[in-house]
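Each remark here refers to the structure printed beneath this line.
The values are calculated or read from the model by the stated rules, or taken from the named source; none is laboratory data. Only a predicted model underlies this, so the values are computations on that prediction, with no experimental measurement involved. Positions of Cβ are backbone-derived with ideal geometry, glycine not excepted, and every protein chain shown enters the neighbour counts. Keep in mind that these areas ignore ligands, DNA and RNA; they rest on the heavy atoms of the full protein, side chains included. Shrake-Rupley method; radii C 1.70, N 1.55, O 1.52, S 1.80 Å.
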Amino acid sequence: MKSNQDGQSSLTFNNMAYHVGDFVLAEVSSEKGALPSIFLIENIIKNGDEQMIYGNQFYRPRETFHVQTR
């Protein structure tokens with residue numbers, strides 16, 4: 001489990017605790033009917049009063065596109 005420079009591996013936002021390794025749903029689009037994006041929290045960074053989450057975004061199968069070559 002990774003932690004930030006202060007040795008913390010969790011943060012609290014709106015009375016919810018988030019930890020490194022958690023999967024979260026985040027609303028990244030204000031478009032009506034848009035599904036929230038899926039993220040895996042890799043690191044939590046605290047810079048003064050700011051708290052940031054770094055992670056990987058995962059896409060749903062219908063959100064991807066590829067050319068069928070086989």
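Assorted remarks:
- The apolar share of the surface of the chain, taken as the fraction of accessible area on carbon and sulfur atoms (1.4 Å probe, ligands and nucleic acids excluded), comes to 50 percent.
- Label sites at residue 37 and residue 51, each approximated as a point 7 angstrom past Cα along Cα to Cβ, lie 2.0 nm apart.
- Each of 41, 25, 58 was scored by the projection of its Cα onto the charge dipole of the chain, and the greatest displacement toward the positive side belongs to 58; charges sit on the C-beta of Lys, Arg, Asp and Glu.
- Candidate values [x] 42, 29, 16; [y] 49, 31, 17; [z] 52, 26, 21 were compared with Cα extents along the principal axes in Å computed on the shown model; the agreeing label is [y].
- Residue-normalised accessible area of region 29-70, expressed per residue, 1.4 Å probe, Å²: 90
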